[in-house]
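A.B. asks: Once you've had a glance at the structure underneath, I'll fire off some questions.
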Amino acid sequence: MTHAIEIEDLRKTYRSKSGTPVLALDGVSFQVPQGRIYGLLGPNGAGKSTLVKIISTITPASSGRAAVRGFDVARQPLEARRQMAVVLQQAAAENLLTVRDNLLIYAYLHGMARSIAEKRMKAVAEEFELGGRLRDTVQELSIGTKRRIQVAKIFMLDAPIIILDEATTGMDPLMKRRVMDRLRAEARKGRTILLTTQVLSEAEELCETIMLINRGRTMASGTLLELRKRTAHTFRVSLSFAQTNGELIGRLEALKPLELQVNGSAAELLFHGEEASLLGKLADISRDTPILQFEVRGPTLEEIFVSLMRDSP
Amino acid sequence: MRPITAVFYRDYRQRMTNIGFVFWDLFVPLAYLMLFGLGFERMMAGSSVIGDQIPGYTAFLLPGVLAMVTFTVAMNTSWGFFMDKDSGIFYELLTYPITRPQFLIGKIGFSVLLSVIGSLLAIVLGVVALDIGIRWDLLPLTVVIVVAGTASWFFLFSMVAIRLQRMDAFNTVTSAAYILLMFMSPMFYPVVDLRAWFRTVAWLNPMTWQVDLLRVSMLGTGSAATLWLEAAGLVGFALACLALASRALNRAH
Ligand SMILES: Nc1ncnc2c1ncn2[C@@H]1O[C@H](COP(=O)(O)OP(=O)(O)OP(=O)(O)O)[C@@H](O)[C@H]1O
Ligand SMILES: [Mg+2]
């Protein structure tokens with residue numbers, strides 16, 4: 001079966017104002033199976049939004065291929081657009097129109113009949129707590145509320161693919177949670193979701209597959225578990241002692257952790273290296289200052305991210 | 001909803017929130033007709049016939065005013081692209097299941113409506129207040145030319161608005177176009193007696209074609225041979241601008 005999203009060796013060179021070419025994507029490939037939540041992660045300028053803009057037919061790729069549900073975005077753009085609902089990184093709401101018109105016109109422009117759109121509009125407004133603001137002009141609303149409208153709009157549609165570029169930026173935590181729950185529910189129903197985010201905990205919680213990109217290239221991709229394996233040499237150690245003192249902290253620092261946090265009688269260390277050799281050194285410490293509790297954990301997504309970024313050329 | 005209808009509906013809702021705009025779109029050309037038209041008519045009181053057998057300056061000017069209406073309305077509508085870029089909706093619109101030509105054609109709907117209303121107002125003003133004789137039998141043809149003119153100018157200015165990032169650059173381009181296209185055409189004066197280079201430029205100017213065609217449909221003057229050429233030119237110009245504006249939409253980023 002064809003994948004919901006197929007990206008093959010995509011390259012994009014922008015021409016900057018000064019005329020020098022900017023290589024935003026340098027041969028990116030990946031596939032997203034139907035019903036999957038796929039996360040794109042990378043530092044500022046990595047090329048995430050460029051990827052989103054190519055897939056959503058806003059800008060053409062310089063070379064390579066992108067297809068959604070089998071439709072090539074360059075050769076069958078209209079068919080491709082029919083497959084997706086897109087939230088761009090840039091805010092997008094009709095400032096002069098009311099909240100109600102924003103939701104309705106979005107649906108009309110996606111081919112929905114008036115009667116169906118009216119019904120959905122009420123449900124969506126309810127879900128995203130816009131019910132009381134339907135008659136307000138968008139111009140008068142807060143930035144976060146505008147963002148909420150932008151995201152709420154996609155739930156007016158049944159498009160099989162949802163693409164979100166840092167969509168929860170600017171939303172309050174409760175609304176973020178609601179959006180994430182809704183996305184998970186949609187994925188369970190078979191919709192495919194491609195999202196970019198800077199909030200690593202969000203990707204960690206939401207995405208089944210994650211791709212890390214930097215300077216237009218894929219650095220790593222896979223499930224969170226697979227990414228952990230790639231960075232198996234990074235791990236977090238929690239220790240607790242009866243008490244800590246300057247000498248002990250000095251000995252912990254001598255282990256050269258990437259991070260060291262001492263909190264009363266507990267210490268948190270982030271290491272990069274061989275676990276076995278570290279355990280030996282900790283045993284030495286424990287002979288003088290007994291370690292009461294000891295825990296080793298794999299890295300969080302954030303730690304994977306930092307570690308991979310550090311290793312990248 | 002069908003794509004073109006939906007785009008039209010969006011524009012309609014948006015324009016209705018700011019109806020003051022409409023006033024200027026329609027008022028400026030009418031002011032030209034009254035002030036400019038009457039002023040020159042007085043000044044040229046001696047010569048009773050202008051250009052090709054046209055009685056009086058206001059009669060000569062009226063078709064030009066209709067062309068001006070189409071031009072002004074189209075320019076102001078395409079300016080709306082900057083509002084859409086500002087709110088970010090411009091880029092989101094490009095992801096909707098609508099072809100680029102459908103989007104542009106949907107967007108001329110409201111402009112065409114305005115142009116037709118503006119033109120009818122100018123005609124009524126011309127007939128009632130200035131006593132101009134109109135070929136009422138050719139009114140449908142006049143409307144067709146007004147529609148074609150509005151579409152051409154809108155596609156032309158849309159292409160510019162889509163490609164330019166800055167509004168001040170757009171304003172500079174459109175102001176220059178406003179002056180050049182209107183004054184290098186027979187909108188305000190007959191070009192037959194002017195210098196050869198000026199006549200050549202005027203002949204290549206789509207505004208000339210539109211004004212000539214309007215003079216035929218409104219006053220019944222002009223020669224059939226060149227008119228067919230000008231009609232074909234206007235349609236070709238509209239289609240070429242549509243293609244270029246669609247292309248610009250495909251390269252927005
Ligand atoms: N329209 C453009 N013209 C020229 N260069 C561009 C354009 N858009 C993006 N770029 C460049 O392409 C590169 C990738 O940008 P992109 O917006 O895709 O990054 P991103 O991963 O989305 O970053 P962020 O996390 O900041 O949103 C950057 O170097 C950027 O400067
Ligand atoms: Mg981005």
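The values are calculated or read from the model by the stated rules, or taken from the named source; none is laboratory data. Quick caveat, the model's predicted, so the values are computed rather than measured. All Cβ positions, glycine included, derive from the backbone under ideal geometry; neighbour counts span all protein chains shown. For accessibility, only protein heavy atoms count, side chains too; no ligands or nucleic acids. Shrake-Rupley method; radii C 1.70, N 1.55, O 1.52, S 1.80 Å.
A.B. asks: Which of the lysines could be linked to A:Lys256 by a straight reach, that is with a Cα gap under 21 Å, when you skip same-chain ones fewer than 8 residues away?
C.D. replies: Within the straight-line limit of under 21 Å, A:Lys256 reaches these lysines: A:Lys281.
A.B. asks: Can you tell me the order of B:66-77, A:250-261 when each peptide is scored by its average per-residue count of other Cβ atoms within 10 angstrom, highest first?
C.D. replies: B:66-77, A:250-261
A.B. asks: Of A:Lys48/A:Lys146; A:Lys53/A:Lys153; A:Lys17/A:Lys53; A:Lys53/B:Lys85; A:Lys122/A:Lys146; A:Lys17/A:Lys176, which ones are farther than 25 Å apart at the Cα?
C.D. replies: Check vs 25 Å cut-off fails for A:Lys17/A:Lys176.
A.B. asks: Given the stretch A:3-44 reduced to its alpha-carbon atoms as identical point scatterers, what log10 I(q)/I(0) does the Debye formula return at q = 0.28 Å⁻¹?
C.D. replies: -1.00
A.B. asks: Follow-up question, since we're still on this one. Using each residue's phi in the stretch B:81-97, evaluate 6.51 cos²θ - 1.76 cosθ + 1.60 at θ = phi - 60° and report the 3J(HN,Hα) Karplus result to the nearest Hz, with x for Gly and Pro.
C.D. replies: Here the 3J(HN,Hα) series is 4, 6, 5, 5, 5, 4, 7, x, 5, 3, 6, 5, 4, 5, 8, 6, x Hz.
A.B. asks: Ok, one more. Using +1 on the beta carbon of Lys and Arg, -1 on that of Asp and Glu, and nothing else charged, what's the dipole of the stretch B:1-141 about the Cα centre, debye to 20?
C.D. replies: Here the size comes out at about 380 debye.
A.B. asks: How much of the calculated P(r) for the stretch A:138-235 lies past 18 Å, in percent of all Cα pairs?
C.D. replies: 53 percent
A.B. asks: Go from 0 up to the bin containing the longest alpha carbon distance in the stretch A:1-160, width 10 Å each, and give me the % of pairs per bin.
C.D. replies: 10, 32, 31, 22, 5, 0
A.B. asks: I've got another one for you. Rounded to the nearest 10 degrees, what's the angle between the helix B:224-250 long axis and the longest principal axis of chain B, both from Cα atoms, 0 to 90?
C.D. replies: The angle comes out near 20 degrees.
A.B. asks: Roughly how large is the B-A contact in terms of buried accessible area, totalled over both chains, probe 1.4 Å, nearest 100 Å²?
C.D. replies: So the total buried area for this chain pair works out to about 2800 Å².
A.B. asks: Take peptide B:6-18, look around each residue's Cβ out to 10 angstrom, count Cβ atoms belonging to other protein chains, and average those counts.
C.D. replies: 4
A.B. asks: Just going by the charge dipole of chain A, with Lys and Arg at +1 and Asp and Glu at -1 on Cβ, which of A:Ser201, A:Ser240, A:Asn263 is farthest out on the positive end?
C.D. replies: Positive-end residue among those listed: A:Ser201.
A.B. asks: Sticking with this one: Whenever you get a sec, line up A:Tyr38, A:Tyr14, B:Tyr189 from highest to lowest accessible area (probe 1.4 Å, protein heavy atoms).
C.D. replies: Result of the area sort, largest leading: B:Tyr189, A:Tyr14, A:Tyr38.
A.B. asks: Let me ask something additional. What Kirkwood hydrodynamic radius do you get for the stretch A:233-311 when you take the inverse of the mean 1/r over all pairs of distinct Cα atoms, in Å?
C.D. replies: In the stretch A:233-311 this quantity evaluates to 12.9 Å.
A.B. asks: Write down the radius of gyration of the stretch B:1-138 and its Dmax, each obtained from C-alpha positions, in Å.
C.D. replies: 18.7, 61
A.B. asks: When Lys and Arg each count +1 and Asp and Glu each count -1, what net charge do the other residues less than 14 Å away from B:Tyr32, Cβ to Cβ, add up to?
C.D. replies: So the surrounding residues net to -2.
A.B. asks: Same structure, new question: Provide the per residue accessible area, probe 1.4 Å, for the stretch A:170-289, rounded to a whole number of square angstrom. Present the calculation step by step, with values, prior to reporting the outcome.
C.D. replies: Working: 6160 Å² over 120 residues.
Counting only protein heavy atoms, the per-residue value for the stretch A:170-289 is 51 Å².
A.B. asks: For the ranges A:212-224, B:114-126, B:21-33, A:97-109, what's the packing order if you count other beta-carbon atoms within 10 Å of each residue, average per peptide, and put the highest first?
C.D. replies: Those peptides, ordered most packed to least, come out A:97-109, B:114-126, A:212-224, B:21-33.
A.B. asks: Okay, moving on. Over the C-alpha atoms of the stretch B:1-48, what are the Rg and the largest Cα-to-Cα span, Dmax, in Å?
C.D. replies: 18.9, 59
A.B. asks: I would also like to ask the following. In whole Hz, with x marking every Gly and Pro, tabulate ³J(HN,Hα) for the stretch A:212-225 from phi via Karplus 6.51 cos²θ - 1.76 cosθ + 1.60, θ = phi - 60°.
C.D. replies: Here the 3J(HN,Hα) series is 9, 10, 8, 6, x, 10, 6, 9, 6, 8, x, 6, 4, 4 Hz.
A.B. asks: Using r as the Cβ-Cβ distance of A:Ala266 and A:Asp9, and R0 as 45 Å, what FRET efficiency do you calculate, to the nearest 0.05?
C.D. replies: Using R0 = 45 Å, I get an efficiency of 0.40.
A.B. asks: Just to confirm the number: angle between the C-alpha axis of helix B:3-16 and the first principal axis of chain B, 0 to 90 degrees, nearest 10?
C.D. replies: Helix B:3-16 sits roughly 70 degrees off the main axis of chain B.
A.B. asks: Mind giving me the nanometre distance, one decimal, between the label points for B:Val144 and A:Gln243, set 7 Å out from Cα along Cα→Cβ?
C.D. replies: Each label point lies 7 Å from its Cα, and together they span 10.1 nm.
A.B. asks: Here is a further query. Can you tell me the alpha carbon radius of gyration of the protein assembly as shown divided by the globular rule-of-thumb value 2.2 N^0.38 Å? Can you show the working numbers first?
C.D. replies: Numbers: Rg = 32.0 Å, N = 566, 2.2 N^0.38 = 24.5 Å.
Relative to the 2.2 N^0.38 Å estimate, the protein assembly as shown comes out at 1.31.
A.B. asks: Let me ask something else. Size of the dipole of the stretch A:4-163 about the Cα centre, Lys and Arg at +1 and Asp and Glu at -1 on the beta carbon, nothing else charged, in debye to 20?
C.D. replies: 200 debye
A.B. asks: Accessible area drop of at least 20 Å² (1.4 Å probe, protein heavy atoms): which residues of the stretch B:87-116 qualify, relative to the chain alone?
C.D. replies: Listed by number, the residues meeting the 20 Å² cut-off are B:Ser87, B:Gly88, B:Ile89, B:Tyr91, B:Glu92, B:Leu94, B:Thr95, B:Tyr96, B:Pro97, B:Ile98, B:Thr99, B:Arg100.
A.B. asks: Hey, another quick one. How long are the semi-axes of the equivalent ellipsoid of the stretch B:2-251, taking √(5λ) for every eigenvalue λ of the Cα gyration tensor, in whole Å from largest down?
C.D. replies: Over the Cα atoms of the stretch B:2-251, the semi-axes work out to 32, 19, 17 Å.
A.B. asks: Given the rule -39500 (n - 2.57) for each run of at least 4 DSSP H residues, summed and divided by the residues of chain A, what is its mean residue ellipticity at 222 nm, to the nearest 500 deg cm²/dmol?
C.D. replies: -11000 deg cm²/dmol
A.B. asks: Something else now. Using only DSSP helix segments of four residues or longer, with each worth -39500 (n - 2.57), what per-residue ellipticity at 222 nm results for chain B after dividing by its residue count and rounding to 500?
C.D. replies: For chain B, the value works out to -25500 deg cm²/dmol.
A.B. asks: From other protein chains only, count the Cβ atoms within 10 Å of every residue's Cβ in A:103-109, then give the mean.
C.D. replies: Values: counts 0, 5, 8, 6, 2, 9, 14.
Per residue, the average neighbour count from other chains is 6.
A.B. asks: Right, next: Provide the convex hull volume over Cα atoms per residue for chain A, in Å³.
C.D. replies: Hull volume over Cα atoms, normalised by residue count, gives 181 Å³.
A.B. asks: Once you place label points 7 Å from the Cα toward the Cβ at B:Ala243 and A:Ser277, how far apart are they in nm?
C.D. replies: 6.9 nm
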